[in-house]
1. For the range 63-81, which residues satisfy the criterion of being over 19 Å from Q17 (Cβ atoms) and surrounded by fewer than 16 Cβ atoms within 10 Å (Cβ to Cβ)?
2. Hey, can you tell me all the residues within the range 14-39 that are in contact with a helix residue (DSSP H, G or I) (Cβ under 6 Å, 6 or more places away or on another chain), free of Cβ contacts under 8 Å to residues at least 24 places away in the same chain and either near ligand 1 (Cβ under 10 Å from one of its atoms) or over 23 Å from P88 (Cβ atoms) (or both)?
3. Out of curiosity, is T124 surrounded by 16 or more Cβ atoms within 10 Å (Cβ to Cβ), of a type in the set (V, I, T), on the phi < 0 side of the Ramachandran plot and not assigned by TED's automatic domain parsing to the domain that holds T38?
4. Test each condition in (1) hydroxyl-bearing (S, T, Y); (2) within 15 Å of ligand 2 (Cβ to nearest atom); (3) more than 21 Å from A118 (Cα to Cα) for T73 and report the one that comes out false.
5. Do we have any residue at all in the range 66-84 that's under 24 Å from T14 (Cα atoms), of a type in the set (D, E) and within 11 Å of ligand 1 (Cβ to nearest atom)?
6. Given the structure, is P88 within 14 Å of ligand 1 (Cβ to nearest atom), surrounded by fewer than 19 Cβ atoms within 10 Å (Cβ to Cβ) and modelled with pLDDT of 95 or more?
7. Collect the residues in the range 76-98 that are under 12 Å from the mean Cα position of the chain (by Cα) and either within 7 Å of ligand 2 (Cβ to nearest atom) or within 17 Å of P44 (Cβ to Cβ) (or both), keeping them in residue-number order.
Amino acid sequence: MALDPGIVPEGRRTFMQEVIAATPGGDPHLELCLQCGTCGGSCPSGPDMDHTPRQLFAMIAAGMREDVLKSNTPWFCVSCYYCVVRCPQEIHITDIMYTLKRMAIEEGYYRESSAAEAPDFSETFIDFVEHYGRSFELGLATRYHLKHHPLGMLKMAGMGLNMLIKGRMDLKPTRIEHLDQLQAILQKAKELEGKD
Ligand code: SF4
Ligand code: SF4
């Protein structure tokens, strides 16, 4: 039996309908979830997640907005699409995870999840990609640890030094060729998302 999208109070959408409407790329078919659990069984991040994707979708159907948006599950999704390939209902699970991340940031609930630092980490990553066209591991780790775990820097220093000596990590960021083209694409994406 598929999930029940819930009763619609007059003039208002259920939480499930909100999630569906906020997910780009067409109907993600969330209401077709059979609760079979194949997604959770396929997920490499499952052990770290507060809830499996199946549980999260049942919570969405039950209108448990706060619990869903405080869950660390979407933040541990690494977008491998393994669940999407195996889902018998072809539900756009990964896209829904992105939607839940956006909603958690917009409504501030991410701060109450065990992955509260994740948006900051991804913003730092995006910042490097926008300015250099690629990630810069040393800068990413340094900025993140200085802001959130300054003492952790000491523990990481030895490993970082080894990676530098072995040439596995760059000392300074390098720009890709034709960065202007990538920046134009990112700008267009922002415009399409209505962020600029
Ligand atoms: S695999 Fe698909 S149908 Fe099964 S629980 Fe996950 S989302 Fe629902
Ligand atoms: S896309 Fe996300 S939820 Fe799906 S299997 Fe990969 S990590 Fe898990």
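The values are calculated or read from the model by the stated rules, or taken from the named source; none is laboratory data. The model shown is predicted, which means the values in this text are computed figures rather than measured ones. In this analysis, Cβ positions are derived from the backbone assuming ideal geometry, glycine residues included, and neighbour counts consider all displayed protein chains.
1. Hits for the range 63-81 are V78, S79, C80, Y81.
2. Residue satisfying the conditions is G37 alone.
3. Considered against the rule, which asks whether it is surrounded by 16 or more Cβ atoms within 10 Å (Cβ to Cβ), of a type in the set (V, I, T), on the phi < 0 side of the Ramachandran plot and not assigned by TED's automatic domain parsing to the domain that holds T38, T124 comes out as yes.
4. (3)
5. Checking the range 66-84: not a single residue is under 24 Å from T14 (Cα atoms), of a type in the set (D, E) and within 11 Å of ligand 1 (Cβ to nearest atom).
6. Considered against the rule, which asks whether it is within 14 Å of ligand 1 (Cβ to nearest atom), surrounded by fewer than 19 Cβ atoms within 10 Å (Cβ to Cβ) and modelled with pLDDT of 95 or more, P88 comes out as yes.
7. Initially, the range 76-98 is screened for residues under 12 Å from the mean Cα position of the chain (by Cα), giving 76-80, 93-98.
F76, C77, V78, S79, C80, I93, T94, M97, listed by residue number.
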